[in-house]
Amino acid sequence: MVRTPRKFLLVFAVLILVAAATATYFWQTPAHNPDALWHLISERCVPDMEEHGKPAPCSEVNESKGYVTLKDRHGILQYLLMPVDKISGVESPELLQPLTPNFFAIAWQQRALAIELMAQQQRTVPDRALSLAINSAYGRTQNQLHIHISCLRQDVRQQLDSLTPTLTSQWQQHELGPSDYLLRTLTPQQLEDESVFIRLAQELPEAADDMGHYGLALANLPNGQLVLMAIKANWLTANNASAEELQDHSCSILQPTL
C-alpha cells in the first residue's frame, strides 16, 4: 500500500481552503442584473424628468448637481444616492477628481428624504439612527455607484457611542459588528469640503491604488461630529468589504418610536 505523505495532505487541505475562500470573496449574486440601477437611471428617471418634469421611479433627479435619489424596495426608509453619469463604484478614477460631485456629502443631505418619509407616518427619525454606506467592488451586486441611506444597526450605534471619547481625526482600528474597521472623525464642514473618496486615497497611502477593495460608511457621533468608517476586503478571511453590514434596513433602532 502506498501511503500519502502527511505533508502532501496538509498542503492539499490548505489549497482547498484557499480556493473556497477565494470563491466566497469574489462571489456575486447571479440572479441580479449588475446594470439594473444604471438602466433605471439612464432609461427612466432622467428621461422622465427631462420630458415630463417628474423623476419617477426615482424620488429626485438633479442633473445640475449630478445625482439621483431612489427609494429602495428593501427597508422601511432606505434610499439610494447615485450619480447621473455612469460611475461603476469606489474603484472609479472619476471619484478622485476634485470636480466630481461630493456624493457622500450629498447623500448625508438627502437623509432628509428618510426623515420626511417617516414624518408622513408621524414617526421620528433622529440623526443618530441614520447612516451611509457604500460597498467595495467585491461586496456589491450593482455596477453603478450607489450609497445606501439607511438605519444604523443598534449594536453599532452603541459601539460608536462608547468609542466617541477616544476617536480623533487620526485613523484608528476598531471592531464594529463582525469586522475590523478604520475610523476617524470628521466635522460636518469637512464632509462638505472634501470628498471622502479623495480623503481616503490621500490619508491611507495603500488605498490610492486599491480603492476598489474598500467600503465606506458614515454616521454621526454624540458630540456633534461625524465618524468615517473604512473597511478593506481580505480574501483570506472571506471579507468582501461590504460596509452595508453596519446597517439595519428593518430599522430596529427606531422600535421605541414606532
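The values are calculated or read from the model by the stated rules, or taken from the named source; none is laboratory data. Being a predicted model, the structure only gives us computed values, none of them experimental. Positions of Cβ are generated from backbone atoms using ideal geometry, with glycine treated the same way; all protein chains shown enter the neighbour counts. For the accessible areas, the whole protein counts, side chains as well, though only heavy atoms, and no ligand, DNA or RNA atoms are used. Shrake-Rupley method; radii C 1.70, N 1.55, O 1.52, S 1.80 Å.
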- [ ] Would you mind getting the accessible area per residue of the stretch 118-225, heavy atoms of the protein chains only, 1.4 Å probe, in Å²?
- [x] 41
Open item on the list: In whole percent, and with a 1.4 Å probe on the protein chains, what portion of the accessible area of the chain is carbon and sulfur?
Closed with: 55
- [ ] Rounded to the nearest 10 degrees, what's the angle between the helix 103-119 long axis and the longest principal axis of the chain, both from Cα atoms, 0 to 90?
- [x] 60
- [ ] Pull out a ≥ b ≥ c, the square roots of the eigenvalues of the alpha-carbon gyration tensor of the stretch 35-254, then state rounded if a/c is under 1.5, prolate if not and a/b is larger than b/c, and oblate in the remaining case.
- [x] oblate
- [ ] Provide the gained length on full extension for the span Lys54 to Thr164, in nm with one decimal, where the gain is 0.36 nm per separating residue minus the Cα-Cα distance.
- [x] 35.4 nm
Open item on the list: Assuming a strict under-22 Å limit between Cα atoms, what lysine pair count do you get for the chain once near-sequence pairs (fewer than 8 apart, same chain) are dropped?
Closed with: 5
Task: Stretchable slack from Glu206 to Ser42, in nm (0.36 nm times residue separation minus alpha-carbon distance) - done: 55.6 nm
TODO: List, in order, the whole-Hz ³J(HN,Hα) value for each residue of the stretch 196-208 obtained from phi through the Karplus relation with A = 6.51, B = -1.76, C = 1.60 and θ = phi - 60°; use x for Gly and Pro.
DONE: 5, 5, 5, 4, 4, 5, 7, 8, 10, x, 6, 7, 3
TODO: Using only Cα atoms, tell me the angle between helix 6-25 and the longest principal axis of the chain; keep it within 0 to 90° and round to the nearest 10.
DONE: 10
Task: Point-to-point label distance, Asp127-Ile198, nm (Cα→Cβ direction, 7 Å offset) - done: 2.3
- [ ] Please give the helix 154-163 orientation as an angle from the longest Cα principal axis of the chain, in degrees from 0 to 90, rounded to the nearest 10.
- [x] 90
Open item on the list: From the phi angles alone, apply the Karplus equation (6.51, -1.76, 1.60; θ = phi - 60°) to the stretch 220-237 and give each ³J(HN,Hα) in whole Hz, x where the residue is Gly or Pro.
Closed with: 9, 10, x, 8, x, 8, 10, 10, 9, 10, 10, 10, 10, 5, 9, 5, 5, 10
Task: Size of charge dipole - the stretch 71-189 - debye, nearest 20, with Cβ of Lys, Arg +1 and Asp, Glu -1, no other charges - done: 280
Task: Centre separation in Å (Cα based) which lies between the stretch 160-182 and the stretch 101-131 - done: 23
TODO: Kindly report, to the nearest 10 Å², the accessible surface of Trp38 as traced by a 1.4 Å probe over protein heavy atoms only.
DONE: 60
Open item on the list: Using the Cα centre of the chain as origin and beta-carbon charges of +1 (Lys, Arg) and -1 (Asp, Glu), tell me which of Gln122, Gly75, Cys58 is placed farthest towards the positive end of the dipole.
Closed with: Gly75
